[in-house]
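*Asks:* Below you'll find the structure I mean.
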Amino acid sequence: MEQQFGTGRLVLVEGDITTIAADAIGNAANAALAGGGGVDGAIHRAGGPEIMAELRSRHSYGTPAGTAVSTGAGALPARWVIHAVGPVWRGGDHGEPVQLAGAYRSALSIAAELGARTLTLPAISAGAYGYPLDDAARIAVATVADSLRAGAPLEWVTFVLFSPRALAAFEHALLAFR
């Protein structure tokens, strides 16, 4: 499924984010930027140890929820990895929606600064961090679509989703957003 917003396209696919070529790959990172499970672990395994070495060298103090940093992509089919930190779900009354939108906005901003034209993104915080999938999808789609409408210089932003359920949640969010 895909939709045009401004001059950019928002695309939804189910798959493995480490296998889809793009200028930049978004990573659902933790605040310590220490690697982990899920998407983060898969990106580090596929990209190789140089990604972690660069994180330790350039971003040894990590980055808080709602922000992102970039590194090279190692062996991944991209030039850069954008490590976006989403919030851990704590019931929704601790700034989680603002932090989640901030993680996506930060990723989009860094992609633009790097000169990326294509960006893949995961469902940040919707796995181990426990963010309710439907809510996470609505925030993700709205944030990216609004950024594209506002002139973000990206041609394609592709959400690469880990399961049929995640894809369905993002499709519902995209249909509702139009």
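The values are calculated or read from the model by the stated rules, or taken from the named source; none is laboratory data. These figures come from a predicted structure and were not determined experimentally. Virtual Cβ from ideal backbone geometry, glycine too; neighbours counted across all protein chains shown.
*Asks:* Scan segment 34-61 residue by residue and report those that are touching a residue at least 12 places away in the same chain (Cβ under 8 Å), assigned to a loop (DSSP other than H, G, I, E, B) and either of a type outside the set (Gly, Ala, Ser) or under 15 Å from Ala73 (Cα atoms) (or both).
*Replies:* Across segment 34-61, the qualifying residues are Gly35, Gly48, His59.
*Asks:* Look at Thr118 and say whether it is touching a residue at least 40 places away in the same chain (Cβ under 8 Å), touching an Asp or Glu at 6+ places or on another chain (Cβ under 7 Å) and under 26 Å from Trp156 (Cβ atoms).
*Replies:* Answer is yes for this residue.
*Asks:* Still on this structure, please answer the following. Those residues that are closer than 18 Å to Asp146 by Cα, surrounded by 24 or more Cβ atoms within 10 Å (Cβ to Cβ) and in contact (Cβ under 8 Å) with a residue 40 or more places away in the chain, I need them from segment 85-115; list them, please.
*Replies:* Leu100, Tyr104, Ala107, Leu108, Ala111
*Asks:* Taking Gly37, is it out of contact with any strand residue (DSSP E or B) (no Cβ under 9 Å at 6 or more places or on another chain), of a type outside the set (Val, Ile, Thr), at pLDDT below 95 and surrounded by fewer than 17 Cβ atoms within 10 Å (Cβ to Cβ)?
*Replies:* Working: out of contact with any strand residue (DSSP E or B) (no Cβ under 9 Å at 6 or more places or on another chain): yes; of a type outside the set (Val, Ile, Thr): yes; at pLDDT below 95: yes; surrounded by fewer than 17 Cβ atoms within 10 Å (Cβ to Cβ): yes.
Criteria met by Gly37.
*Asks:* Of the conditions (1) among the hydroxyl-bearing types (Ser, Thr, Tyr); (2) closer than 28 Å to Pro153 by Cβ; (3) assigned to a loop (DSSP other than H, G, I, E, B), Thr18 clears all except one; give me its number.
*Replies:* Tallying (1) among the hydroxyl-bearing types (Ser, Thr, Tyr); (2) closer than 28 Å to Pro153 by Cβ; (3) assigned to a loop (DSSP other than H, G, I, E, B), Thr18 fails exactly one: (3).
*Asks:* Which members of segment 21-33 meet the condition of being assigned to a loop (DSSP other than H, G, I, E, B) and either within 22 Å of Ala101 (Cα to Cα) or basic (Lys, Arg) (or both)? Spell out the reasoning first.
*Replies:* Step one: list which residues in segment 21-33 are assigned to a loop (DSSP other than H, G, I, E, B), which gives 21-23, 30-33.
Ala22, Asp23, Asn30, Ala31, Ala32, Leu33 - these are the residues of segment 21-33 that are assigned to a loop (DSSP other than H, G, I, E, B) and either within 22 Å of Ala101 (Cα to Cα) or basic (Lys, Arg) (or both).
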